[in-house]
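Taking it in order: structure first as structure tokens, then the write-up.
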Amino acid sequence: SLSKLQLKTGDLDPRLFSRLRHLQKLDLSDNLLDKFPSSLTLPDLRVLNCNNNKLEDITALKQFPLLEELTYENNVYLTLNDDYKVMFLLENLRLLNGKDITKLANHVRRVNSRKLTSKVTAHWEKFFRDQLPEKHTAEQVKSIKEKFLKSVQTNVVYGPSSLSEFTRWRVKMIAEEFLACSLGLELNTDAEPEEKMDESEEESTESPREAAEDVGRVTVTPSKRKRNNSKQGSGNKRSKSQASTKEEAEDVSAEPLHFLQCHSKGNSREDFKTQLWSCVFEPMLDCGARKDPIVSSSRTVATCGGESVCLIDCETGTVLKKYKVATEEFFSVAWTTLTMVISDSRKKSHNILAAAGRRGIVKLIHVAADFCYGEIKAHKKPIATVCFSPTRETHLFTASYDKRIALWDIGIPDCDYNFKASQLLLLQALSIPLRIVLVPTCPDQYLLAGCEDSCLAWNIKLNKQQKSRPFEAMFQFPNEDGSMTTSHRVDGLAFLNDDVVVSKSSKPGCIYVWSWSRSFSTKAKGYQRTVPAVILAELEWSTTDMSYLTLSTCPAKGYVFCGDENGSVWMYNLSSYTTAWSSAKGKRSDKRISPTQILKWPELRMNGEQLSEVLVNNVVSDPTFTYLVVLTSVNITAIWKKS
């Protein structure tokens, strides 16, 4: 075991490893390896663990011909194409990332290879055979080889587009063997590894019926509800996950409607570990979604977590669509409505969903067509959150672990889904931006971000020449001892109305309500100035020190929502306070405002075992506060309906 030693590729000394002639198991997980040296030898290696590294290429693993078990999960640059490469290269491989791949590997090595060989041969016969004269010079041979290799990789297509990189890799290999063996044209097979032309991965969109079959539906019977303290229960193996709950006879403003398990890894019904992070209600196309969000939201919500993005009908609990990328972990989703030109030159509005996460890539999904039409390689590090401009439908902000927030124009796809994306701005932060919001009164001018170690504002007006910009203001908040500090993690951030901001930071048991206009004076000049947040009130919340339990608002109803570490949802009706706060001399509320209500997590039982230790990562209502969608740390989406 060489796990967790901060090892880099240069630390794997071939002179040492080549002496380990009988080593059978090697654990290199949780290191910093970006590739494998090609001469480690290890002739008897059977089991290799490379989880949690930075591997970009795995073809060097062919030096371990006896390898039977291989794991390399959480290497963000490896894709489904790499899985197929190792299946082809390692003839004894049985388990890949914990899954039995024997049948698939046999198909890849035999059926796939046979069909590609047939296509490569046909391509030569049809387009190149007659180009090579009977008596040929070395120059003619070299020229024909180069043209053939380029042409065959471009034109021989087989299988899904998500495997295009693997197909090109195999086609090149087969073409080289064909030229060498069949035609006697010797080739240099020790060329440098080709550059990856794309980073495709296994993508799939499921129909409502297929999606519904993947959902573990947790049924809830109203009786008595209480907080749970028992240990996590194991999952079951039944076709439908059944659960029971008890509910106290109390006056509640919302009732549980559905509990869904629809983001499971590999569709496993025993997955109670996948974290769910983001959800956004779909805008209605026929109501002018950007003009009046109160009447324009549907009852359809997009949720993301793990390898999938789901569209759910909140009333029926039906998973309408499911989009999966096997190598991704999605952290954020956002909607926009684009007016697209359809085939007969007519224009039509369509909802587009952007989804992003650990791989730093934004997927653009045309939902009605069940089609992911494009991607933007926005950042080299994970994307924490995304949001669209409310005034410019093609403008998308992406906030990344690289401590930058980028503004993109995603363009409008034509009838063949061709589009062009361009970066318009790059905002520099001091730490990782976790939440971003545009200021409602001036969404084209100011963006506010809650970060790992600060709360910052940027001027995003596009009439300036400067593309890369530092922040304009850093906000101070009260510390536990009452002093003001700029150093605090802000993991919850939202506007309650045009001026009132709600944010959650590192002070335990507290959510701040503050004024944007009174805190940020647009008259002040200069960048990177420090300004105290003008606090209007404090909301009483859980005293947990657990991070990343974010909050949301329902501006039309004056509500704030925030989940906690016990599966509960804290709801605050602040509509009676907002009028006083809006006046120029609005006073700070002296006492902490208690929640209007706390919705307790029901006692869910999976096959008789109680499901506990539930964190509420996110909770979002639709604009009319009819439905409340709760995303948890245990792969359960809970949907409540206001009674």
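The values are calculated or read from the model by the stated rules, or taken from the named source; none is laboratory data. Keep in mind that what you see is a predicted model, and the values were worked out from it rather than measured. Virtual Cβ from ideal backbone geometry, glycine too; neighbours counted across all protein chains shown. When the accessible area is computed, the model is the full protein with side chains, heavy atoms only, and any ligands, DNA or RNA have been set aside. Shrake-Rupley method; radii C 1.70, N 1.55, O 1.52, S 1.80 Å.
Summary of computed values
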item	result
Surface per residue (accessible, 1.4 Å probe) for the stretch 9-183, Å²	53
For peptides 395-403, 572-580, sequence by mean Cβ density within 10 Å, most packed first	395-403, 572-580
Length released on extending from GLU177 to SER113, taking residue separation times 0.36 nm less the Cα-Cα span	21.8 nm
Theoretical gain in end-to-end length, LEU462 to ALA60 [0.36 nm per residue, Cα-Cα removed]	140.0 nm
5 Å binning of all Cα-Cα separations within the stretch 9-183, expressed as whole percents from 0 upward	1, 8, 15, 17, 16, 13, 11, 9, 6, 3, 1, 0
The stretch 588-621 residues near the modelled GLU565 label - backbone nitrogen below 17 Å, point 7 Å along Cα→Cβ	601, 612-618
Centre separation in Å (Cα based) which lies between the stretch 1-20 and the stretch 117-151	43
Dipole in debye (nearest 20) - the stretch 9-183, about Cα centre, beta carbon charges: Lys, Arg +1; Asp, Glu -1	680
PHE36 accessible area, assembled protein chains, probe 1.4 Å, Å²	10
For the stretch 502-643: Kirkwood Rh in Å [reciprocal of mean 1/r, alpha carbons]	16.7
Dipole of the stretch 9-183, positive end: most advanced residue of GLY10, ASN75, THR121 [Cβ charges, Cα centre]	THR121
Accessible carbon and sulfur surface of the stretch 9-183 relative to its total accessible area, %, 1.4 Å	50
Pairwise centroid distance, computed over Cα atoms, of the stretch 590-643 with the stretch 157-179, Å	49
Heavy-atom accessible area ranking, 1.4 Å probe, most first, across LEU285, LEU628	LEU285, LEU628
Proximal charge balance of ILE352 [Cβ under 12 Å; K/R count +1, D/E count -1]	-1
